[in-house]
Amino acid sequence: MSYIGKVDMNDANIKHYSLTGSTLTTVNIGWTPASEQSLRVTINGVVQQGDTFSLSGSNLTLGGALVATDDLEVVGIQSVGNLITPADNSVTTAKLADDSVTLAKMAGLARGKIIVGDSSGDPAALTLGASTYLLTSDGTDAAWAAAPSSGMALTELRGYRVRPFFQWGTTTTIILNSGFRYLHEGTTTQMVYGEDVTYTKSGTTADTWYYLYLDDSAIVTAGNAVITASQLTESTTAPTFNSTKQTWYNGNDRCIFAWRNDGSGNIWPFLNESTSGITNNGWLMGSNFGSTYIELFVNNSGTSQPTSWTSSPLAAATVPAPVGPDGFCTGAICAFAGSHSTIYFAGPGATRDRDYYAAGSNWHSIVPLDSSRNVRWRTDYSHSSYSHLCSCFGWQSSESM
């Protein structure tokens, strides 16, 4: 009957070879031993020393030829081992010792490429960047980028500007005097500049604010950084503050100025200079300061003078939008005229009595506005013989414009 029980699991077999009546020097023993040391060779019962024979595969070469009466016997071990081939994708990280995979065992990689993690968390090869490019990060991925020529990336100068001196030229032209420079982040990010540019408006809508923009598409078409009148454009659409670019944009167009058309559709004359204490970050509207105003928003007399804080809103068309502490327009240039009593005015939400002060006649100042265009003011006391006139002559732009 057949054997019942456990089968021995061996990784080696005992082999035997014998030969008589031969005169050979080299014999084939029928298997391939691991080495000479795994064999026991005897001739006529005498054990042969290991240095008296040699192996080549299954061929055993003796130290001399046998004689016909010799009796050769070879006993040895043939190692069969256990060959195990793991299934595809079956070897896990836990089966590998730390630092066991050497560079020689890794797949080839083109010269200059580096290994980075991709969006799926897998290793990926990052193509070599162009000459002089630097390896940068956007906080999510690594990428190559051109080295900044000045040692500082343009994006570190977001909102940068050297404004021109804006001058009213004619009823249809505005002059950008002297040199000016802006960091423009549109289709591309670049520093653009110009000098003594005259822009001719096209819009003729009366009593309307127009906004002057760097024309992104025209800048791209021009293919250079020089700003001429052709790289400027206008729109009645107010800009919004772009927190990434840190200034005012309408799409990819950067806003740099605003003007108002008068009732005839012409550019309302303005000043942009340090006159009567008005600084460059404010624009004075009107052909004659003190006599031509945009809006007379307070005209009180007698006992109607408020001694507590009063909010008087400007009309929507008086100053450009958006308005307020965080607006494109942050304040109004106002003149306060009256007889005898003192006028105070304050910024949005202020509670102090004398944030700003005006007395006598034709005093003017830049008054902070809230988002509803309110001017907050009061008088020191009311009297039947007193009168007060408050008028707006211009606007103050955001410092980020």
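For residues that are farther than 18 Å from GLN78 by Cβ, hydrophobic (A, V, I, L, M, F, W, C) and assigned to a loop (DSSP other than H, G, I, E, B), tally how many sit in the range 11-61.
The total comes to 1.
Need the failing condition index for GLY251 against (1) modelled with pLDDT of 95 or more; (2) closer than 16 Å to VAL319 by Cα, just the number.
Going through (1) modelled with pLDDT of 95 or more; (2) closer than 16 Å to VAL319 by Cα one by one, GLY251 breaks only (2).
Does the range 130-141 include one or more residues that are modelled with pLDDT under 85, exposed (fewer than 11 other Cβ atoms within 10 Å of the Cβ), more than 30 Å from PHE241 (Cβ to Cβ) and not β-branched (Val, Ile, Thr)?
Scanning the range 130-141 turns up at least one residue that is modelled with pLDDT under 85, exposed (fewer than 11 other Cβ atoms within 10 Å of the Cβ), more than 30 Å from PHE241 (Cβ to Cβ) and not β-branched (Val, Ile, Thr).
The values are calculated or read from the model by the stated rules, or taken from the named source; none is laboratory data. Quantities reported herein were computed from a predicted structural model and do not represent experimental measurements. Virtual Cβ from ideal backbone geometry, glycine too; neighbours counted across all protein chains shown.
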